Amino acid sequence: MRRLGIFGGTFDPPHVGHLILASEAADQLGLDRVLWVLTPDPPHKRGQPITPLAIRLELVIAAIQDDPLFELSSVEIDRPGPHYAVDTLHILHNLFPEDVLIYLIGGDSLRDLPTWHQPLEFLRACDGLGVMRRPGDAVDLSYLEAVLPGLERKVMFVDAPLLEISSSQIRQRVAGGKAYRYYLPPQVYALVEKYRLYRAT
């Protein structure tokens, strides 16, 4: 029986913060593997500009290729949208019936969990919730437990370093002509430059 971390996202682009968070989650939660689940068309980002899937796929592969702990999962790429976390978990349970699935989210996503698609079913489908919280990040678990019974016993907090890095911030820096090189793994930086991603024109 393995402990698998499920790390989903748009990854537009994947940055050093993603790698550090995934590594900390694996270390603190005793994960045998972290599956990076690239979301082709996230329901909550409809109408927003997004880099083509083929390029984001190349970026993620470049970001994680040097770490045997990390693995790309095509579970959402291989099926039509919309892509909801609850469906992804059901498919992964079928693929890995003997394994423990720990879904990794940030503290902000935990607070928003009641607004997710079928949140109670999502909670039933995951064996644990690895919540990556930043220092000083407060979450009212008693309120969330009242709305989503059974939540508290599944939450496992991961103490993450204070990293003020986000994909949207990096896109803005590139568009504004600001320095961004060291926010990204070298291979990802090279691809952003190669494809001239996130430029204003």
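The values are calculated or read from the model by the stated rules, or taken from the named source; none is laboratory data. This one's a predicted model, so the numbers in the text were calculated from it and none came from an experiment. Neighbour counts run over all protein chains shown; Cβ positions are idealised from the backbone, glycine included. Side chains included, ligands, DNA and RNA excluded: accessible areas come from the protein's heavy atoms. Shrake-Rupley method; radii C 1.70, N 1.55, O 1.52, S 1.80 Å.
Structure above, values below:
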{"read-out": "Some residue of the range 51-68 being over 29 Å from Ala175 (Cα atoms) and open to solvent by 40 Å² or more (accessible area, probe 1.4 Å)", "value": "yes"}
{"read-out": "Pair list, Cβ < 6 Å and 6+ apart or interchain, from the range 151-180 residues that are under 17 Å from Gln28 (Cα atoms) to residues that are polar (S, T, N, Q) and at pLDDT 95 or above", "value": "Val158/Gln28"}
{"read-out": "Among residues of the range 27-37, those that are open to solvent by 10 Å² or more (accessible area, probe 1.4 Å), of a type outside the set (D, E, K, R) and either farther than 13 Å from Leu69 by Cβ or assigned to a helix (DSSP H, G or I) (or both), counted", "value": "2"}
{"read-out": "Matching residues, the range 111-134, being open to solvent by 50 Å² or more (accessible area, probe 1.4 Å) and either within 25 Å of Gly17 (Cα to Cα) or touching a residue at least 12 places away in the same chain (Cβ under 8 Å) (or both)", "value": "Arg111, Asp112, Trp116, His117, Gln118, Leu120, Glu121, Arg124, Asp127, Arg133, Arg134"}
{"read-out": "Residue count, the range 78-102 (criterion: modelled with pLDDT of 95 or more and open to solvent by 40 Å² or more (accessible area, probe 1.4 Å))", "value": "9"}
{"read-out": "Hey, Arg79 without any contact (Cβ under 8 Å) to a residue 60 or more places away in the chain and part of a helix (DSSP H, G or I) or not", "value": "no"}
